[in-house]
Each structure stands twice: as C-alpha cells, then as structure tokens.
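Down below is the structure, laid out as structure tokens.
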Amino acid sequence: MNTDLLHTMCKEATRKAFNEFKRQIDVNLFPLDNSIKEVLQNDMLQNIGTPVTKHFINNYNLSTLQIELLENTIDNYKKIALETSNNYAGKFLK
C-alpha cells in the first residue's frame with residue numbers, strides 16, 4: 001500500500017469536503033443551528049472517508065494491518081476536518 005498516495009488522497013478529499021461544508025454555510029439558505037451543523041458535518045465526514053476507502057479496498061489486496069492503517073489515517077483527517085468545521089461554523093451560530 002502506498003502511504004504517500006493515502007495521505008495525498010486524504011488531504012484532497014478533506015479539502016474538497018471542507019470546502020463543500022463552507023459553501024453550504026456561506027450560501028445562507030437557512031439559519032444555521034447545531035442540528036444543521038451536525039448534518040453538514042456528517043456529510044463532510046462521509047465525503048472524506050468514502051472515496052479514499054473505496055480506492056484502496058478496490059485497488060489493493062490489503063492485510064489487516066494495512067486496513068487498520070487506512071482507517072487510522074482517515075480518522076486523523078476526519079478529526080482535523082471536524083475541529084476546523086466546528087471553528088468555522090462557530091462564527092455563524094447564534
């Protein structure tokens with residue numbers, strides 16, 4: 001398993017998912033509250049993990065240790081995105 005590719009894909013997926021999170025808040029179609037923020041964050045987290053996991057599961061024959069590394073790496077990027085999104089949304093919450 002190519003760990004450089006894993007980190008590159010995670011960074012790209014995280015950036016893309018967070019930018020979509022910001023866009024949905026910035027459009028301001030609805031008043032932001034905690035329940036809407038949580039829905040947007042859940043969507044963001046899925047958009048980080050799904051494409052990366054799918055790529056590595058479909059293209060590599062991963063061992064148990066490699067799967068754990070994949071999950072841990074994705075989880076680390078999700079934590080970063082979650083903290084960043086909490087800070088960003090905090091500016092708009094009433």
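Check Thr64, Thr50 and return the single one that is of a type in the set (Ser, Thr, Tyr) and farther than 17 Å from Lys16 by Cα.
Every option except Thr64 fails the conditions.
For region 1-36, what are the residues that are of a type in the set (Ser, Thr, Tyr), in contact with a helix residue (DSSP H, G or I) (Cβ under 7 Å, 6 or more places away or on another chain) and over 19 Å from Tyr88 (Cα atoms)?
Of everything in region 1-36, nothing turns out to be of a type in the set (Ser, Thr, Tyr), in contact with a helix residue (DSSP H, G or I) (Cβ under 7 Å, 6 or more places away or on another chain) and over 19 Å from Tyr88 (Cα atoms).
Any idea which residue in region 38-63 is most open to solvent (accessible area, probe 1.4 Å), counting only those that are free of Cβ contacts under 8 Å to residues at least 24 places away in the same chain and within 18 Å of Asn2 (Cβ to Cβ)?
Of everything passing the filter in region 38-63, Asn61 is most open to solvent (accessible area, probe 1.4 Å).
Kindly provide the set of residues from region 64-74 that are surrounded by 14 or more Cβ atoms within 10 Å (Cβ to Cβ) and either of a type in the set (Ser, Thr, Tyr) or free of Cβ contacts under 8 Å to residues at least 40 places away in the same chain (or both), ordered by number.
Answer for region 64-74, where residues must be surrounded by 14 or more Cβ atoms within 10 Å (Cβ to Cβ) and either of a type in the set (Ser, Thr, Tyr) or free of Cβ contacts under 8 Å to residues at least 40 places away in the same chain (or both): Ile67, Thr73.
The values are calculated or read from the model by the stated rules, or taken from the named source; none is laboratory data. Note that the structure is predicted; figures quoted are calculated from it, not measured. For neighbour counting, all protein chains shown are included, and Cβ atoms are generated from backbone atoms with ideal geometry for every residue, glycine included. Side chains included, ligands, DNA and RNA excluded: accessible areas come from the protein's heavy atoms. Shrake-Rupley method; radii C 1.70, N 1.55, O 1.52, S 1.80 Å.
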